[in-house]
1. When you scan the stretch 192-213, do you find a residue that is in contact (Cβ under 8 Å) with a residue 40 or more places away in the chain, of a type in the set (D, E, K, R), surrounded by 21 or more Cβ atoms within 10 Å (Cβ to Cβ) and closer than 23 Å to GLN40 by Cα, even just one?
2. Quick one: is ILE17 among the hydrophobic types (A, V, I, L, M, F, W, C) and closer than 24 Å to ILE203 by Cβ?
3. So THR104 fits all but one of (1) under 17 Å from the mean Cα position of the chain (by Cα); (2) at pLDDT below 95; what number is the exception?
4. Look through the stretch 234-247, keep the residues that are touching a Gly at 6+ places or on another chain (Cβ under 9 Å) and under 14 Å from LEU263 (Cβ atoms), and return whichever of them is surrounded by the most Cβ atoms within 10 Å (Cβ to Cβ).
5. If you go through the stretch 1-40, how many residues are among the aliphatic types (A, V, I, L, M) and buried (at least 20 other Cβ atoms within 10 Å of the Cβ)?
6. Can you pull out the residues in the stretch 158-176 that are of a type in the set (A, V, I, L, M, F, W, C) and surrounded by 15 or more Cβ atoms within 10 Å (Cβ to Cβ)?
7. Can you name the strands (runs of 3 or more DSSP E) wholly within the stretch 66-153 that have at least 3 residues being touching a residue at least 40 places away in the same chain (Cβ under 8 Å), more than 28 Å from SER18 (Cα to Cα) and touching a Pro at 6+ places or on another chain (Cβ under 7 Å)?
Amino acid sequence: MLYFYKNEFIKKEELRISPDDRGYYFGDGIYEVFRVYNGQIYEQEGHMQRLQRSASEVRIALPYKLEDIESILTKLVHENRLIEGTIYLQITRGEAPRAHPFPTEAHPILLAYCNEVKRPIATIRSGISAIALEDIRWLRCDLKTLNLLPNVMAKQAAIDHGVQEVVLHRNGIATECSASNLMMIKNNVLYTHPANNLILHGITRAVVLRIAKALQVEVHEEAFTLEQLLQADEAFITGTTVEITPIIQFDGKPIGAGEPGQLTLKLQEEFERTFAI
């Protein structure tokens with residue numbers, strides 16, 4: 001598999017990352033994960049806009065123009081003959097001796113590579129179970145940074161409890177999940193937490209909201225409680241790798257009928273049309 005690192009395309013075994021990279025010892029960087037369907041990068045513009053915003057908010061200068069980054073990603077897909085999978089891209093502040101202030105001489109470093117990843121058809125069709133977990137992350141969850149230890153711990157908590165996901169909450173208000181956004185349906189109205197600093201404004205989240213509005217589904221971007229989630233008719237998560245995955249059980253209790261709901265299935269159907277597999 002071919003990687004891109006420090007201005008060149010190289011094989012993984014040839015790649016050397018310095019221990020002075022601030023992404024290594026501070027998590028001082030940002031990232032994006034792109035989905036590839038049929039050899040094409042999905043929703044690339046939305047990802048690039050979010051990458052640019054994250055970079056601006058954490059004050060990392062992009063090492064290339066956006067169009068040049070797009071060209072790098074396109075070449076990665078082509079050179080790796082990727083038909084279905086993901087692209088991981090990260091940009092760190094650069095290499096410098098370990099010290100908290102921004103280094104004046106460091107130059108941002110871009111790393112990108114592809115993975116062959118199949119669509120999670122089984123869970124998309126059958127649904128998953130989730131549990132509640134307190135959201136103790138920092139207050140800039142809207143930025144896609146490398147500081148993911150709380151998310152890692154949350155995902156492991158799900159596994160430890162024999163479920164697939166956690167629903168994070170702050171004082172009983174559901175925010176999102178360990179690596180995905182959260183939506184619920186009650187009386188044919190779709191609810192999801194507003195895209196403020198407490199959640200990441202997911203690319204798939206945005207696509208689903210567009211689809212829902214096109215289907216004339218009433219959409220409320222407003223917070224809801226864990227209790228309201230338990231009383232929902234349907235619930236699902238959205239994300240680049242999970243697409244639209246139903247939650248059929250929460251904290252050991254069924255959501256709705258305990259199976260993927262009709263509106264969720266319709267949203268899945270319309271979502272699949274956007275990349276036409």
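The values are calculated or read from the model by the stated rules, or taken from the named source; none is laboratory data. Predicted model only: the values in this text are computed from it and were never measured. Don't worry about glycine lacking a Cβ; one is built from the backbone with ideal geometry, like all the others, and counts go over all protein chains shown.
1. No; the residues of the stretch 192-213 include none that is in contact (Cβ under 8 Å) with a residue 40 or more places away in the chain, of a type in the set (D, E, K, R), surrounded by 21 or more Cβ atoms within 10 Å (Cβ to Cβ) and closer than 23 Å to GLN40 by Cα.
2. no
3. So the condition that THR104 fails would be (1).
4. Ranking the qualifying residues of the stretch 234-247, first place goes to PHE236.
5. Summing the residues that are among the aliphatic types (A, V, I, L, M) and buried (at least 20 other Cβ atoms within 10 Å of the Cβ) in the stretch 1-40 gives 2.
6. Selection gives ALA158, VAL163, VAL166, VAL167, LEU168, ILE173, ALA174.
7. none
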